[in-house]
C-alpha cells in the first residue's frame, strides 16, 4: 500500500523555466515531508523539507508547498538549470522525522533541456 | 560531508545462493541504518531498521529469515539475501543516520542492483 505517490514519472522542462513536481500522500498522520534528488549511480541526497505546521518553505531556487487538506505537496524549481536533471523523490515521515523512517514516492525523472 | 559506501553496486547470482550487501558509513558513526528495496517504477520501500548492537526491526511483509541484517559496528551494516530467487531481483539501498539527527540528515548509499538468475 503506497502511502506516498508521485504520479508523474517524468517531466521535461526548458532551461530557465519553472519545474513543478507533485506528490500526494494518504496518511494524515505524516507531519514531516522531504524532497530528495538522485543522480545516476549515486544515492539520493537531501534537497529540502517542510514541517506540517508550515505551508511553504523556500531555499534558494527550491520551494516546497504543502496543502494538508488536500494531502498534497509540490516542489518548485525556479529557474531550472541543466544540472537539475535528476530523479526527485518525495518522502514523508511521522514524529517530525526524528525516527528517520521515511515513506518514499516512486520518483519523477526531470530533464532540463538547454 | 557524510558518506555512505555500499558494496557491491551490482551483483548477479544463481538461484538458491546467498548474497551479502555491505553498507559502511565512512566518516561518521551510524547508530541507525535503514534498508530499502526498489522494484522498477516503484517507490523505495523500507525493509528494515537496524540499530547498532541490536536486532533489526523488519517492516510488515518482509521475511526476516530471508533478509538477514547485521549491524555489528557503528560503521557497518550488512544485508544478506539468503537462498535468493528471481523474485528477489531488485535494487537495494541503505541509508544511515546519527543518534541525534533528524530525517533530513539521512545519508544514502548508491545502492546495489541484485539480479538472480
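Between A:91, A:41, A:70, the GNM of chain A built on Cα springs shorter than 10 angstrom shows A:41 fluctuating the most. Between residue B:12 and residue A:57, the modelled label-to-label distance comes to 4.3 nm, taking each label 7 Å out from Cα in the direction of the beta carbon. Normalising by residue count, chain B has a Cα convex hull of 99 Å³ per residue. Remark: chain A is approximated by an ellipsoid whose semi-axes, taken from the C-alpha gyration tensor as √(5λ), come to 23, 15, 13 Å, largest first. Residue by residue along A:33-41, Cβ atoms of other protein chains within 10 Å of the local Cβ number 2 on average. Per-residue packing, averaged as other Cβ atoms within 10 Å, sorts the ranges A:104-113, A:72-81 into the order A:104-113, A:72-81, beginning with the highest.
Per residue of A:100-108, what is the mean number of Cβ atoms on other protein chains within 10 angstrom of that residue's Cβ? Please report the intermediate quantities before stating the final value.
On the way: counts 15, 8, 7, 4, 7, 3, 7, 5, 0.
For peptide A:100-108, the averaged partner shielding equals 6.
Taking label points 7 Å from Cα along the Cα-to-Cβ direction, residue B:5 and residue B:115 give a separation of 2.5 nm. Within the listed set A:71, A:101, A:37, the residue fluctuating most in the Gaussian network model of chain A (springs between alpha-carbon atoms under 10 angstrom) is A:101.
Across peptide B:37-44, the average count of Cβ atoms from other chains found within 10 Å of a residue's Cβ is 5. The smallest convex shape that holds all Cα atoms of the protein assembly as shown, its convex hull, gives 121 Å³ per residue.
Rule-based calculations on the coordinates, nothing more; no lab input. Everything numeric here is computed off the predicted structure, so don't read it as measured data. Ideal geometry is used to build each Cβ from the backbone, glycine not excepted, and the neighbour counts take in all protein chains shown.
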